[in-house]
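Presented below is the structure to which this report refers.
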Amino acid sequence: MGIARKACWILTAASMMLFASYAAAAEPQKKNPVTRYWMTISTQNTSIPGMPQEEMSGLGGMLLGKIAGIGSKRSLTLQLGSPRKTPEEPEATHDIPPGMNMGKTLPLTVLELEAPARTEEREPADREEIEKPKARMLMYWGCGESVSSGQPKVLDAEKMDMIEFGKAMMGRTGSAQSPPSPRAGGTYAEWPGRISFQGIPQDSTLTGDHFVHGNFTPDIKFSLDEKHDFMAPVELTVLKGDPADSIKFQWKKIPTATGYFAMVIGYNEATGEMIIWSSSEVQEPGYGLMNYLTPADVKRFIKGKVIMGPEVTSCSIPKGIFKEAKGAMLQFIGYGDELNIAY
């Protein structure tokens, strides 16, 4: 059973957590497939710069939330993958602790493996007829008042090999995640699946005893403590500056965060250039880091000066990077711990 967590900001904020659980037989997986169970938990917080966090929960926040998704929101996904053949009347459910305030149990819905879509065969295109896309990107990095020497890194799709351009734009990524999914010969179930629900209560807590059981899965019992509960949402306490000047932002320290990362994306309509800045001390666009990372990945990237350590609570975007952009989007992530349990 494993748990990994993170928190994000999008000119606003969000907190996310990934929980994975494994119920395994004594034999190695290659000889005897195991049942795997994952919980993916997310706390997202989207706000408007300059509006206090407490106002997000007021009437104004309610009205804005209906229009643009403003405010704090939690989500939960449960995934169960069993090597057992699906019974005629499959049943599985996740008994939850009272503190979740969502009843006694969450029923898992069994989903069937969808047949692969048929694709029509097409004649291979002549390489000389393929026109390269027109895309130009200016890449900046590093917290500070001014732009460091050697920046920006210019990526031009018309002048670069497309594979080279794609790798440079993606940057670093974490270890691959492989949650349960529908597979031939087995049974897959999830929640909420296709059912409709009102969302996770803001005062919901995962702490306490959990029990997953059914007629195609072994019993899976585990408990979660405060360290592995929902992460606190990211909250910016300071966001000041003008696009023509340095922009400083500070955030509340997240008690369970193991590291932080920020990136900003803007667009210059006059030149057609995309502008990207990241908080990394080394060249890094950040696309591949705005997602769940294992603790080992976080430690590796902190050591490589790509991710900020958990003690950091402020950063400045260098002066003038976005002065020609009509707007920019700030994304911020705080990564969390991981818990693994095997039966």
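The table below gives the values:
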item: Potential extension, Ser196-Lys303 segment - 0.36 nm per residue separation minus Cα distance; result: 34.2 nm
item: GluC sites (Glu not before Pro) restricted to the range 274-343 and DSSP loop, no more than 10 other C-beta within 10 Å; result: Glu311
item: Two-site FRET efficiency, Lys253 against Thr173, from Cβ-Cβ distance with R₀ of 22 Å, rounded to 0.05; result: 0.25
item: The range 224-343: translational diffusion in µm²/s, Stokes-Einstein, Kirkwood Rh over Cα pairs, 10 °C, 1.306 mPa s; result: 102 µm²/s
item: Separation of the Leu111 and Val282 label points, Cα + 7 Å toward Cβ, nm; result: 3.7 nm
item: Label-point gap, in nm, between Lys240 and Ile163 - each point 7 angstrom along Cα→Cβ; result: 5.0 nm
item: Net lengthening on full extension, Ser181/Ala296 (0.36 nm per residue, minus Cα-Cα); result: 39.0 nm
item: Zone of Ala135's modelled label, taken as backbone nitrogen in the range 284-298 under 20 Å from a point 7 Å along Cα→Cβ; result: 284-291
item: Rounded Å value of the spacing that divides the Cα centres of the range 292-343 and the range 147-172; result: 20 Å
item: The range 167-275: C-alpha gyration tensor shape, a/c 1.5 cut-off, then a/b vs b/c; result: prolate
item: Cα gyration tensor shape of the range 170-228, rounded if a/c is under 1.5, else prolate or oblate by comparing a/b with b/c; result: rounded
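Rule-based calculations on the coordinates, nothing more; no lab input. If you're wondering where the values come from, they're calculated on a predicted model, not measured in any experiment. Neighbour counts run over all protein chains shown; Cβ positions are idealised from the backbone, glycine included.
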